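Colleague: Sending over a structure as structure tokens; questions will come in a sec.
The values are calculated or read from the model by the stated rules, or taken from the named source; none is laboratory data. For clarity, every value in this text was computed on a predicted model and none was experimentally measured. Quick reminder, even Gly has a Cβ in these numbers, built from the backbone with ideal geometry, and neighbours come from all protein chains shown. Calculation scope for accessible area: heavy atoms of the full protein, side chains included, ligands and nucleic acids excluded. Shrake-Rupley method; radii C 1.70, N 1.55, O 1.52, S 1.80 Å.
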Protein chains: 2
Amino acid sequence: MPRACGPGRPTKVSAVITRMSTLFLRTLRDDPADAEVPSHKLLVRAGYVRRAAPGVYSWLPLGLRVLKAVEDVVREEMSAIGAQEILLPALLPRDPYETTGRWTEYGDSLFRLKDRKGADMLLGPTHEELFAQLVRSEYSSYKDLPVILYQIQTKYRDEERPRAGILRGREFVMKDAYSFDLDDDGLKAAYHAHREAYQKIFRRLEVTYVIVAATSGAMGGSASEEFLAESEVGEDTFVRCLESGYAANVEAVITTAPQPIPFDGLPQAQIHETPDTPTIETLVQWANATFDHNYGGHDTLKNVMVKIRRPGGDWEITGIGVPGDREVDMKRLEAAVEPAEVEILSEADFAANPFLVKGYIGPKALAANGITYLVDPRVVDGTSWITGADEPGRHYVGLVAGRDFTADGTIEAAEVRDGDPSPDGKGPLVSAKGIEIGHIFQLGQKYTDAFEVDVLGESGKPVRLTMGSYGVGVSRLVAVIAEQCHDEKGLRWPRSVAPYAVHLVIANKDEAAITGAHELAEDLDAAGLSVLLDDRKASPGVKFKDAELLGMPVVVVVGRGYANGTIEIRDRFTGETTEVAVDGAVDAVTAAARG
Amino acid sequence: MPRACGPGRPTKVSAVITRMSTLFLRTLRDDPADAEVPSHKLLVRAGYVRRAAPGVYSWLPLGLRVLKAVEDVVREEMSAIGAQEILLPALLPRDPYETTGRWTEYGDSLFRLKDRKGADMLLGPTHEELFAQLVRSEYSSYKDLPVILYQIQTKYRDEERPRAGILRGREFVMKDAYSFDLDDDGLKAAYHAHREAYQKIFRRLEVTYVIVAATSGAMGGSASEEFLAESEVGEDTFVRCLESGYAANVEAVITTAPQPIPFDGLPQAQIHETPDTPTIETLVQWANATFDHNYGGHDTLKNVMVKIRRPGGDWEITGIGVPGDREVDMKRLEAAVEPAEVEILSEADFAANPFLVKGYIGPKALAANGITYLVDPRVVDGTSWITGADEPGRHYVGLVAGRDFTADGTIEAAEVRDGDPSPDGKGPLVSAKGIEIGHIFQLGQKYTDAFEVDVLGESGKPVRLTMGSYGVGVSRLVAVIAEQCHDEKGLRWPRSVAPYAVHLVIANKDEAAITGAHELAEDLDAAGLSVLLDDRKASPGVKFKDAELLGMPVVVVVGRGYANGTIEIRDRFTGETTEVAVDGAVDAVTAAARG
């Protein structure tokens, strides 16, 4: 009901209220052709983002508001742990990345360019080098430490497969923080502070996530954990033990090794004629036909030949021995040998090394020819195997680890399977998919060594600093929230990051209702709520559909009931509709918007 | 005086107040070796920015706060004219820039790179192409217009001579806005709205500036004005008429041409032997020796040979005729032929065209050989000149424009000098130096033509949109403010952009004073003032010096007077010190900080 008493209020157009009649926004009826995952489809359909190039996106008004809201949540929690915000360039010189080897290690993922003078430059994928250099140049005494610095910045990685819109882009916004400490205790404290800050951030953003043990990858360093948003469309597979809560990136899963078995009483190994058994399947068929149940107590041992190149070194042929019923998981193998590179041995390599008899390779030929041999942790002393005898059509049966052959070490290269025991012994592992939204690293001294980041210690002697690195995928989080929070009708933003607190729909053509809606918008704005006002000349049906697609948490409808002094408040999450009196509308909407 | 009554307040360390004991800041005693201009020296010495690569800078905590404050002022004034903020990528595909020709036109100033698939990309120097494409893809009806879109974004230009720190960087922050309208009136209104918004922005930032008529350069389009901050270290020379207020970029100055002179009574042109007069100086000596006062009424006409290449065309030799007492100003010439390129004719070119007799080139040989000849606007019909006769040691005397020779057109290529008449006829021009901080363009349809940006008009026929483009150098403004506002002691920030409103110095070792200072900091923060608290264990002298260098507008000193219940408020601009009672300190400091 329009205010009947009091001085007449001007119904001038507000500069503050965002009106959909002029908003740079066009919603789309159809999903974009290149979109596969829900968040990508919805963010494009709802006019939040637009593709500018593969993996490179523009943020339109509503999308930018979500992005800024996520940034602000991150900024507040970083500030709360005493981190100081700075801003480094994205266009960087080659030199520091040459010093750490990452100019090369990043491979094709690094955007490289030359300036007009021919100097090599790059677009920063992450900034450990620059922060280490900066702290070295500014700080000189133990009294200056500890310090946590961070930036919220546009980063660049030339992903091989940019996908899912802003979920995996080539230009993206990241919060990257770096801690510098005098000793390990300091580093652990900084690491823990970030871990807690991240939990607060993701809780405020209402993201469902798990913290998983991770490998450090190209970053180097010792301890590392990933924050993975649970999502079916995630690219990161992780496993967890539902009994204990243990969770780990597949690359970081530690295999539970059985106890060694005494050699006493184990029969001698024998060479069997096994014609036409170059694969595990054919070998298993032969074993089933030859032996009783369980192949006479022997499992098959598969030897996969790879070559490994350490940074600055040559390719070296290596054998990887895994139980025959498991594949080598190349991602696990890559993580295990990091920073070295690894490739499956080529035909040419086999041809050049005739002692490698394809399909029949065994530990003996490897040892005899000085080839490094690494085995799965399950290959403990006393285990007995059917494995290659290094001659076509021949296999050993009963070759015992530790007695008949000795590996050069173990390696985590075999695939992890649902049902494998959790490393904590509390139950089986089950796998799930996730999206990396945060990653925290105890880097240690990898970067401070590279740049000799020392300060004068309390004792008067130089102290080499120890460093941590902590990332949050800020723009990715916009997609993750959309992914976790949408329904079949559209987006549903948590209150902490919604572009507007209230979406006010004018669904009544009466002049009084229109005036009343504009007044309500002004009052809500005055009460501190951000308002998106749908003042378009469209049908209520079109407006309601757009409101559901755009996904503000609270939708207020000035509709037919206005003549009787009521408006509607709709909760976008529960779908509940409440009718409230126009007179107390501001309070009611404020209460709904506060959640 | 510490509060004696009331409940005891905890003196816990605040998470909000920035304390210099932990701030990532080291001030430097000496100017950086590569710094020439005051803003660069001071911003580095005061720890606001650090160099990461040539023309590429890192923003440390205080610098980033100023940058964000400038951004916010710009954002508010853009929002006030109804502009909508979006964010486009910096990493861009080549295609749209190929369409407009700027992939090539930008020359070495464009950072180009290839992605892992070999696709050409660039780092955006300005975004007309992308905004035009975006509006085309979103909007389709005249009802959608007008619209103003803008972004505050990191931009990249590979400057030939990056200089003066963030004053001319290769990575910098810009606000770029684009207007789209149905007709010229709309464009003019958008242009005017930006012009007024910019005046408000620069007034709020307390920058002294002039608006000068400008050429459109590589942007294309018709009308354009530059906002130049007045500064001795500026690279842009502009001229103005102090009588009328007219101001223009030197490239945009229009020469005042005299009235044509009747040919009647003008003597015939004669060829004179002028041995060894290949330069204007030697020719003037000869004329002085040969004729009376004023060379018998003839000025010298110098013909400078250049070659010009239009986009996609071949080099064409052209003669530029200017009064002999003026040089050709290559920047004016370049602006005049834009988007064509221009070069001075090489020795090889002269050798290949023997009719060009160096030192004795005249209009006749040019006409006889089909060479384009463009003259200064002062070379009007009836003016009589001493100029080359196209033979070694020979000059024409009394060669009359319009009678003895006819140019192919006029060109604004001659240098502009202090004392030249203002184009508005109101008085002489004087020159000054400035730094470009804003530039507004009425682009017209250059970009909407390139991308066929049409909407359905009210009449049912397609309407091609007309476009404006409006830039503010956001990061450059930080340097400009520093440049205009510093004194010999350091920086002096205007209240609108100061990193902190109040710099609170603890200059008293008494526990009560220290506690009181912390309490005052909390109270000021609660009153809405941002506070930088110098709680370091340094001498008052060191602290005062840093406070002057860092340049907060209000410095509060908790010093010796504290025991007697007083503190000091220092105004960084006026240098005035006021002693106020501790009891009313919050009000007094708030009043000082509000200015």
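Colleague: Quick check of the Kirkwood formula: for segment B:270-410, what is the inverse mean of 1/r over all pairs of different Cα atoms, in Å?
Modeller: Working: mean 1/r = 0.0651 Å⁻¹.
15.4 Å is the Kirkwood radius here.
Colleague: In addition: Short version: ³J(HN,Hα) in whole Hz for each residue of segment A:578-595, in order, from phi by Karplus 6.51 cos²θ - 1.76 cosθ + 1.60 (θ = phi - 60°), x for Gly and Pro, what are they?
Modeller: Values per residue, Gly and Pro as x: 10, 9, 10, 6, 4, 4, x, 4, 4, 5, 5, 5, 4, 4, 5, 6, 6, x Hz.
Colleague: Per DSSP H run of at least 4 residues, take -39500 (n - 2.57); add these up for chain A, divide by its residues and hand me the 222 nm value, nearest 500 deg cm²/dmol. Provide the component values of the computation, followed by the final result.
Modeller: Working: 15 runs with 156 residues, N = 595.
Calculated at 222 nm, the ellipticity per residue is -8000 deg cm²/dmol.
Colleague: In terms of modelled amide H atoms, which long-range or inter-chain residues lie less than 5 Å from the amide H of B:TYR209?
Modeller: B:GLU230
Colleague: Given a Förster distance of 51 angstrom, what is the FRET efficiency for B:PHE573 paired with B:THR256, based on the Cβ-Cβ distance and rounded to 0.05?
Modeller: Numbers: r = 42 Å, r/R0 = 0.83.
Rounded to the nearest 0.05, the efficiency is 0.75.
Colleague: Here is a further query. What length, rounded to one decimal in nm, is gained on full extension from A:HIS192 through to A:ASP120, with 0.36 nm per residue of separation minus their alpha-carbon distance?
Modeller: Values: separation 72, 0.36 × 72 = 25.92 nm, distance 3.73 nm.
Contour length minus Cα-Cα distance gives 22.2 nm.
Colleague: Right, here's the next one. Please report the residue of chain B with the smallest beta-carbon distance to the B-to-A rotation axis, and give that distance in Å, no decimals.
Modeller: B:LEU113, 2
Colleague: Additional query: For A:ARG560, place a label point 7 Å out from Cα along the Cα→Cβ vector, do the same in each other copy, and report the separations in nm, one decimal, smallest first.
Modeller: 8.3
Colleague: Ordering B:GLU235, A:GLU579, B:GLU138 by how much accessible area each has at a 1.4 Å probe, largest first, what is the list?
Modeller: Output order, biggest surface exposure first: A:GLU579, B:GLU235, B:GLU138.
Colleague: Quick check: the distance between the Cα centres of segment A:170-246 and segment A:91-140, to the nearest angstrom?
Modeller: 24
Colleague: Using a 1.4 Å probe on protein heavy atoms, which residues of segment A:73-87 have at least 40 Å² less accessible area in the complex than alone?
Modeller: In segment A:73-87, residues shielded by partner chains: A:GLN84, A:GLU85, A:ILE86, A:LEU87.
Colleague: If you don't mind, there's one more thing I want to ask. Across peptide B:171-178, how many C-beta atoms of other chains are within 10 Å of each residue C-beta, on average? It would help to have the intermediate numbers written out before the result.
Modeller: On the way: counts 4, 1, 1, 0, 0, 0, 0, 0.
Mean shielding by partner chains, rounded to a whole number: 1.
Colleague: While we're on this one: What does the accessible area per residue of segment B:270-410 come to in Å², with a 1.4 Å probe and no ligands, DNA or RNA counted?
Modeller: On the way: 6570 Å² over 141 residues.
Value for segment B:270-410: 47 Å² per residue.
Colleague: A further question on this structure: With a ≥ b ≥ c taken as the square roots of the eigenvalues of the C-alpha gyration tensor of chain A, please select rounded if a/c is under 1.5 and otherwise prolate if a/b is larger than b/c or oblate if it is not?
Modeller: Values: a/c = 2.67, a/b = 1.87, b/c = 1.43.
It comes out prolate by the Cα gyration axes.
Colleague: Here is a further query. Return one number: the angle in degrees, 0 to 90 and rounded to the nearest 10, between the long axis of the Cα atoms of helix B:280-290 and the longest principal axis of the Cα atoms of chain B.
Modeller: 50
Colleague: Is there a simple number for the mean count of other chain Cβ atoms within 10 Å of the Cβ of residues in A:96-102, and what is it?
Modeller: 0
Colleague: Taking each label point as 7 Å beyond Cα in the direction of the beta carbon, state the distances from A:GLY419 to the same residue in the other copies, shortest first, in nm.
Modeller: 10.0
Colleague: Calculate how many DSSP beta bridges within segment B:270-410 are antiparallel, expressed in % of all such bridges and rounded to the nearest 5.
Modeller: Details: 23 of 32 bridges.
Around 70 percent of the beta bridges assigned by DSSP in segment B:270-410 are antiparallel ones.
Colleague: Let me ask you something else. Amide H neighbours of B:ALA52 under 5 Å, counting only residues 5+ apart in sequence or on other chains, H built in-plane at 1.01 Å?
Modeller: For B:ALA52, whose amide H was placed from the backbone, the distant partners under 5 Å are B:TYR57, B:SER58.
Colleague: Restricting to segment B:484-571, compute how many DSSP beta bridges are antiparallel as a %, nearest 5. Let's see the in-between values first.
Modeller: On the way: 5 of 14 bridges.
Bridges in segment B:484-571 are about 35 percent antiparallel.
Colleague: Karplus couplings for segment B:190-199 from phi (6.51 cos²θ - 1.76 cosθ + 1.60, θ = phi - 60°), rounded to Hz, Gly and Pro as x?
Modeller: Using θ = phi - 60°, the values come out as 5, 4, 5, 4, 5, 4, 6, 4, 5, 4 Hz.
Colleague: Here's another thing I want to ask about it. Quick one: if the Förster radius is 51 Å, what FRET efficiency do A:VAL542 and A:GLU243 give, using the C-beta to C-beta distance and rounding to 0.05? Kindly include the intermediate steps, with their values, before the conclusion.
Modeller: On the way: r = 51 Å, r/R0 = 1.00.
It comes to 0.50.
Colleague: Over 24 Å between C-alpha atoms is what I'm after, so list which of A:LYS543/B:LYS188; B:LYS41/B:LYS200; B:LYS41/B:LYS543; B:LYS68/B:LYS200; B:LYS68/B:LYS155 land there.
Modeller: Working: A:LYS543/B:LYS188 34 Å; B:LYS41/B:LYS200 28 Å; B:LYS41/B:LYS543 20 Å; B:LYS68/B:LYS200 17 Å; B:LYS68/B:LYS155 16 Å.
Checking Cα-Cα distances, A:LYS543/B:LYS188; B:LYS41/B:LYS200 exceed 24 Å.
Colleague: For segment A:17-34, which residues drop by 40 square angstrom or more in accessible area between the chain on its own and all protein chains together (1.4 Å probe)?
Modeller: A:PHE24, A:ARG26
Colleague: Given contacts defined as C-alpha pairs under 8 Å and at least six residues apart, what's the relative contact order of chain A, whole-number percent? Walk me through the numbers on the way to the answer.
Modeller: Details: 1242 pairs, mean separation 108.8, N = 595.
After rounding, I find 18 percent.
Colleague: On to the next question. Write down the accessible area per residue of segment B:446-486 in Å², having rolled a 1.4 Å probe over the full set of protein chains.
Modeller: Averaged over the residues of segment B:446-486, the accessible area is 33 Å².
Colleague: Over the protein assembly as shown, one equal point on each Cα, no solvent: what is log10 I(q)/I(0) by the Debye formula at q = 0.05, 0.07, 0.08 Å⁻¹?
Modeller: -0.48, -0.87, -1.06
Colleague: To the nearest 10 degrees, how steep is helix A:474-485 against the longest Cα principal axis of chain A, on a 0 to 90 scale?
Modeller: 80
Colleague: When you look at the Cβ of every residue in A:56-68, what mean number of other chain Cβ atoms sits within 10 Å? All intermediate terms of the calculation are to be shown ahead of the outcome.
Modeller: Working: counts 8, 3, 10, 6, 8, 5, 1, 2, 5, 1, 0, 1, 2.
That average works out to 4.
Colleague: Right, something else. Between the label point of A:LYS433 and that of the same position in each other copy, find the distances and list them shortest first in nm, with every label point placed 7 Å from Cα along the Cα-to-C-beta direction.
Modeller: 6.2
Colleague: Please report the buried accessible area for the interface of B with A, total over both chains, probe 1.4 Å, in Å² to the nearest 100.
Modeller: Details: alone 27450 and 27470 Å², together 50410 Å².
Chains B and A together bury approximately 4500 Å².
Colleague: Once R0 is set to 45 Å, what does the formula 1/(1 + (r/R0)^6) return for the Cβ-Cβ distance between B:ALA581 and B:GLU488, expressed as a FRET efficiency to the nearest 0.05? Present the calculation step by step, with values, prior to reporting the outcome.
Modeller: On the way: r = 32 Å, r/R0 = 0.72.
It comes to 0.90.
Colleague: For segment B:551-561, what does the Karplus curve 6.51 cos²θ - 1.76 cosθ + 1.60, with θ = phi - 60°, yield as ³J(HN,Hα) per residue in whole Hz, taken in order and with x for Gly and Pro?
Modeller: x, 5, x, 10, 10, 10, 10, 9, x, 4, x
Colleague: So how much accessible area does A:TYR246 have, in Å² to the nearest 10, using a 1.4 Å probe?
Modeller: 50
Colleague: When the accessible area of the protein assembly as shown is split by element with a 1.4 Å probe, what percent falls to carbon and sulfur?
Modeller: Working: 24460 of 50410 Å².
Answer for the protein assembly as shown is 49 percent, counting heavy atoms of protein chains only.
Colleague: Rounded to the nearest 5, what % of the DSSP beta bridges within chain B are antiparallel ones? Spell out each step's value before the answer.
Modeller: Values: 93 of 117 bridges.
Taking every DSSP beta bridge within chain B, about 80 percent pair in antiparallel fashion.
Colleague: When the solvent-accessible surface of protein heavy atoms is calculated with a 1.4 angstrom probe, in what order do A:LYS175, A:LYS188 fall, highest first? The partial results should precede the final answer.
Modeller: On the way: A:LYS175 0, A:LYS188 110 Å².
Largest to smallest exposure gives the sequence A:LYS188, A:LYS175.
Colleague: Now for a different question. Taking every pair of alpha-carbon atoms in segment B:425-512, give the share separated by more than 24 Å as a whole percent. Display every interim value, and only then the final one.
Modeller: Values: 2287 of 3828 pairs.
Result for the distance tail: 60 percent.
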